[in-house]
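Visitor: Input: one structure, supplied below.
The values are calculated or read from the model by the stated rules, or taken from the named source; none is laboratory data. Every value quoted in this text rests on a predicted model; they were computed, and no experiment measured them. Cβ placement follows ideal geometry from the backbone for every residue including glycine, while neighbour counts extend to all protein chains displayed. Each accessible area value is taken on the protein alone, full model and side chains, heavy atoms only, with ligands, DNA and RNA left out. Shrake-Rupley method; radii C 1.70, N 1.55, O 1.52, S 1.80 Å.
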Amino acid sequence: MESTSIWDTLARIYENTVFVYGSVLLVTYALLAVFSMISVRAYAKKDNFKQDVTLLGSPLAPGITVLAPAFNEGMTIISNVRSLLTLNYPKFEIIIVNDGSTDNSLEQMINEFELIKVDFAYNAKIQTQPVRGIYKSTNQAYAKLMIIDKVNGKSKADASNAAINAAAYNYFVCTDVDCILDKNTLLELIKPVMQEENKRVIATGATLRIANSCEFDEGVMTRMRPPKELLARFQEVEYIRAFVLGKMGWSLLNCVPNVSGGLGLFDKEVAIRSGGYDHSSFGEDMELMTRMCRYSYDNKINYAIRYIPKTLCWTEAPVTVKVFNRQRTRWSRGLAQLMTAHFNMFMNPRYGRMGLIIFPYNFFFELLAPVIEFTGIIYYIVMTCLGLINWPTAIILLLFVYTYSVMITTLAILWDQLTFRYYKTGREVAYLCMTPFMEFFLYHPLIVIFALRGYFYFLTGKKSTWGNMQRRGFKTAAAK
């Protein structure tokens, strides 16, 4: 009798806790959706062609270094570098870091861009693996391009740090060499820096999209299409929801949790003083952002992190479960690593919104979410076996959560399309809007499983490497 009473008490505590947790999460998503709409509308009002023309012709435009680590990217390296060379900005340079590639990436670039090894005053403000050589082009058409050849550092972070050391300008844009950037990316990313009057913008991010099934011509995106592969299409939907709805909502509150490693502009001085990217981190982009915020609070810098709703970057997504598993396991492991390393910021008023809003949100609703979902499934199985499930109530709750998740995702897709009209046909939009109906059953369970796998690897200290996704290259637009 006593054991039954204890079980009933524990069951009620667990159910009430999960109910409160779920309710707070749903309310948070609803608020983010409202904040996102406000942010996107404000951005659309500020965005104008005259401002772009003025910035392009201004001698006061801040210089920007574009850095991109490359490891065995021979399949797409030339088209991707050409894409970077088409960027529309008055003062920039491009640094590609050949991070000890074992394929012919370096040889391809040397031949294609007429490169020779040069003497360069490389100042290692951030320690990295040794640099073997620095290459510049003998062709003036590629004067903005620099190639750093270095010993493999077993991480994107080490390669990025080498590029930061060589960067000539006060701001740098970090991207992946397999990404395709919009020609006006630098113009868009620098605008928040120049528009902000009262705060120092230490980072700016923008929306990323999936390149699979899109059409490209010489490294320029010519036609955006939803991915045909189901796994890639799930990722497209996830990206739209995360960037357009999530990060734009947080941007209104100056509470952006991180800037994606695929595309972000950073204040070089703050990044270097924060120690640069951590080569031991599995989530180096979020880790750097956390340390930059921490440094800003410790040094009384009134900072801001801004996000742009416009899609400026396309990246090739994993299309096999094996590669996707490796990617998401690494991401979740990086999140666990970050939370542990900086846990003294949790609910610490010294770190303002970072300590009181961003860190608690990441802890409860990013780190713990897969654990709570998994324990919830176990709980339901046990309760079912004991015959204690109130099935009418359980089914209603399940339908509510399912409908709510589909509604939020569909809202993000439609809001994005109504604002920017990336897809040319209503059929493509409808095709994408059908995806959230399957996400709950097919895609989300994979996210939970791979997240738990990442946590297990973190707790057990299992060794892992940067890895390399096999590229298939980008689809070329058909000749007309």
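Visitor: Rounded to the nearest percent, how much of the accessible area of the stretch 375-460 (1.4 Å probe, protein heavy atoms only) is carbon and sulfur?
Guide: 79 percent
Visitor: Give a residue-ordered list of calculated ³J(HN,Hα) values for the stretch 171-178 (Karplus: 6.51 cos²θ - 1.76 cosθ + 1.60, θ = phi - 60°; whole Hz; x for Gly, Pro).
Guide: Computed from phi, the couplings for the stretch 171-178 are 10, 10, 10, 9, 9, 9, 5, 8 Hz.
Visitor: Sticking with this one: May I ask you to evaluate 6.51 cos²θ - 1.76 cosθ + 1.60, the Karplus curve with θ = phi - 60°, for each residue of the stretch 99-110 and list the ³J(HN,Hα) values in order in whole Hz, giving x for glycine and proline?
Guide: 8, x, 4, 9, 9, 9, 4, 5, 4, 4, 5, 4
Visitor: If exposed chymotrypsin sites (Phe, Trp or Tyr not before Pro) are those in a DSSP loop with at most 16 other Cβ within 10 Å, what is the longest stretch of the chain that has none? Intermediate values should be presented prior to the final figure.
Guide: On the way: sites that count: 120, 122, 169, 346.
Result for the longest clean stretch: 170-345.
Visitor: Can you report the principal axis dimensions of the stretch 288-380 using only the alpha carbons, biggest first, rounded to whole angstrom?
Guide: Per principal axis, max minus min of the Cα coordinates gives 45, 40, 23 Å.
Visitor: Counting each pair of different Cα atoms once, what's the Kirkwood radius of the stretch 160-310 in Å, rounded to one decimal?
Guide: 16.3 Å
Visitor: For the stretch 279-359, what relative contact order do you get, as a whole percent, if you take Cα pairs closer than 8 Å and at least 6 residues apart?
Guide: 41 percent
Visitor: Given charges of +1 on the Cβ of Lys and Arg and -1 on the Cβ of Asp and Glu, with all other atoms neutral, how large is the dipole of the stretch 267-350 about its Cα centre, in debye to the nearest 20?
Guide: Using Cβ point charges on Lys, Arg, Asp and Glu, the stretch 267-350 gives about 180 debye.
Visitor: Do the alpha carbons of any pairs in 45/191; 117/463; 154/462 sit beyond 24 Å of each other, and which pairs? Intermediate values should be presented prior to the final figure.
Guide: Values: 45/191 13 Å; 117/463 35 Å; 154/462 15 Å.
Checking Cα-Cα distances, 117/463 exceed 24 Å.
Visitor: Can you tell me what percent of all Cα-Cα pairs in the chain are more than 29 Å apart? Working shown, then result.
Guide: Details: 58453 of 114960 pairs.
When every Cα pair of the chain is considered, 51 percent fall beyond 29 Å.
Visitor: What distance in nm lies between label points placed 7 Å from Cα along the C-beta direction at residue 340 and residue 384?
Guide: So the label points at residue 340 and residue 384 sit 3.3 nm apart.
Visitor: Given the DSSP H assignment, sum -39500 (n - 2.57) over each helix run of at least 4 residues in the chain and divide by its residue total; what's the result at 222 nm in deg cm²/dmol, nearest 500? Numbers along the way, then the final one.
Guide: Working: 16 runs with 227 residues, N = 480.
It lands at -15500 deg cm²/dmol.
Visitor: May I pose another question? Report ³J(HN,Hα) in whole Hz for each residue of the stretch 142-152, in order, from the Karplus equation J = 6.51 cos²θ - 1.76 cosθ + 1.60 where θ = phi - 60°; Gly and Pro get x.
Guide: So the J values, rounded to whole Hz, are 10, 4, 7, 9, 10, 10, 9, 9, 9, 5, 4.
Visitor: Compute the accessible area per residue over the chain, keeping the other protein chains in place, probe 1.4 Å, unit Å².
Guide: Result: 46 Å² of accessible area for each residue.
Visitor: Residues in the stretch 176-190, backbone N under 14 Å from the label point at residue 112 (7 Å along the Cα-to-beta-carbon vector): list them, ranges by number please.
Guide: The answer is 177-181.
Visitor: Quick one: of the DSSP bridges fully inside the chain, what percent are antiparallel, nearest 5?
Guide: 45 percent
Visitor: On the protein heavy atoms, probe 1.4 angstrom, tell me the percent of accessible surface of the stretch 210-259 carried by carbon and sulfur.
Guide: Here it works out to 53 percent.
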